[in-house]
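Please treat every number below as a calculation from the coordinates, not as lab data. This one's a predicted model, so the numbers in the text were calculated from it and none came from an experiment. As a convention, Cβ positions derive from the backbone with ideal geometry for all residues, glycine included, and neighbour counts pool all protein chains shown.
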Amino acid sequence: MPRQSAPAGTYAEYVVSPARHLAAKPPGLSHVEAAALPLAAVTAWQALVDTADLRPGQSVLIHAAAGGVGHLAVQVAKERGAHVIGTARIANHDFVRGLGADEVIDYTHTDFTTAARDVDVVIDTIGGDYGPRPLKTLRPGGILVSLASPAEAHLADRARALGLRSTFMITEADQAGLKEIASLAASDRLRVRVDTVLPLEQAAKAHEMGETRRTAGKIVLSVSG
Ligand SMILES: NC(=O)c1ccc[n+]([C@@H]2O[C@H](COP(=O)([O-])OP(=O)(O)OC[C@H]3O[C@@H](n4cnc5c(N)ncnc54)[C@H](OP(=O)(O)O)[C@@H]3O)[C@@H](O)[C@H]2O)c1
């Protein structure tokens with residue numbers, strides 16, 4: 001993820017990158033797995049560790065726990081010793097539990113604001129219609145980390161008035177974070193799920209699949225020489 005959050009141009013066979021934006025691929029990972037990890041996993045790391053400062057014993061609600069960011073966030077949060085609650089459709093519950101989640105909420109039938117209360121951290125990759133509802137699940141002093149859209153930045157004032165914290169975060173190029181992720185993956189404590197691999201010629205199809213918001217894990221584009 002070189003130069004993130006500037007356009008990185010990584011739909012390419014060759015990419016120029018500052019060396020300080022890179023980390024070595026763990027030998028045990030395939031190139032497809034290694035390609036699927038950086039942006040989503042470093043997003044999870046920066047949200048949970050750098051932004052929320054998640055501590056052992058704290059609780060975290062992770063929306064879209066089966067998604068690209070979400071399924072890695074569940075694993076990073078468990079690694080940090082947290083109690084993890086995820087949201088997913090019932091079809092993904094076994095997958096999310098298998099990642100280590102302690103509780104999974106079927107958001108299609110259950111209002112997450114009644115099923116999750118007094119959590120320390122919320123990771124929200126949904127935003128939009130959720131509006132301020134994720135704030136209802138926080139304990140006093142808890143933090144909402146919004147990832148979906150800068151539009152969620154307006155929640156900061158509302159959160160402050162309620163004795164809570166809310167911040168919108170954009171992932172940055174991060175060699176230190178990448179090395180942490182690589183180390184977890186190398187020791188099998190973090191596994192990326194690859195939903196689909198498509199050739200670069202089908203990049204448009206990959207985007208259409210992503211836009212359905214129904215993929216579990218990551219989509220990878222394969223560029224052959
Ligand atoms: N701020 C940043 O720097 C940053 C970095 C990376 C990503 N993002 C953003 O984060 C968001 C998530 O990205 P992603 O790649 O993780 O998404 P994704 O993989 O496309 O998410 C798909 C998942 O979302 C779940 N989902 C859809 N609607 C849901 C809902 N209402 N409640 C709970 N789960 C729901 C689906 O699970 P079910 O089938 O179980 O519903 C599916 O597994 C995107 O908006 C992306 O742009 C931001």
Legend entry - Of all residues in region 202-212 being over 29 Å from P18 (Cβ atoms) and outside any loop (DSSP other than H, G, I, E, B), the one that is farthest from the chain's Cα centre (by Cα): Q202
Legend entry - Residue among G86, G67 that alone is in contact with a helix residue (DSSP H, G or I) (Cβ under 8 Å, 6 or more places away or on another chain), in contact (Cβ under 8 Å) with a residue 24 or more places away in the chain and not charged (D, E, K, R): G86
Inset, instruction - Give region 148-193 a look and list any residue that's aliphatic (A, V, I, L, M), outside any helix (DSSP H, G or I) and within 16 Å of the ligand (Cβ to nearest atom), or say none. - result: A148, M169, I170, A173, L190, V192
Legend entry - For T215: the one exception among (1) hydroxyl-bearing (S, T, Y); (2) in a loop (DSSP other than H, G, I, E, B); (3) more than 16 Å from the ligand (Cβ to nearest atom): (3)
Inset, instruction - Scan region 208-225 for residues that are of a type outside the set (K, R) and either under 23 Å from T108 (Cβ atoms) or loosely packed, with under 13 Cβ neighbours inside 10 Å (or both) and jot them down. - result: E208, M209, G210, E211, T212, T215, A216, G217, I219, S224, G225
Inset, instruction - Determine which single condition A161 fails, assuming it passes every other condition in (1) among the small types (G, A, S); (2) under 22 Å from Y107 (Cα atoms); (3) free of Cβ contacts under 8 Å to residues at least 24 places away in the same chain. - result: (2)
Inset, instruction - Quick one: count up the residues across region 109-143 that are within 13 Å of the ligand (Cβ to nearest atom) and part of a strand (DSSP E or B). - result: 3
